[in-house]
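Values in this text are rule-based calculations from the coordinates and carry no lab data. Here the structure is a predicted model, which is why all the values come from computation and not from measurement. Neighbour counts run over all protein chains shown; Cβ positions are idealised from the backbone, glycine included.
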Amino acid sequence: MNSAKYRNTNTDEKMNMLTPRETEILRMVVEGMNNRQIADQLFISVRTVETHKTAILKKLDLSSTVEPVKFALKNKIIEL
């Protein structure tokens, strides 16, 4: 299923601002992984994960750690 057809242009623009690594981390967050799990999976430090998550929040204009999950589900970026 092509989820892009369900997203609006603003969502596409915001998602295009994310780096491939940020997109990967966003998907892992939505899947319920914590910072340590993400760091271990990607062979990076927990601090680097935190830095990426901060960048994701800024680029998507979100303010809390729960909002990226809501954003991804609402905009059909991933499905459960």
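The table that follows gives values for the structure above.
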read-out	value
Contour excess over end-to-end distance, with Cα ends at residue 62 and residue 41 and 0.36 nm allotted per residue	5.1 nm
Two-decimal Rg to Rh for the chain - Kirkwood Rh, Cα set	0.95
Partners for residue 53 among aspartates and glutamates (Cα-Cα distance below 13 Å; same-chain residues under 8 apart left out)	22, 24, 61, 67
Angle in degrees between helix 46-59 and the longest Cα principal axis of the chain, rounded to the nearest 10	20
Charge dipole of the chain about the Cα centre (unit charges at C-beta), most positive-ward option of 33, 66, 20	66
Folded to 0 to 90 degrees: helix 20-30 orientation relative to the chain principal axis, Cα	90
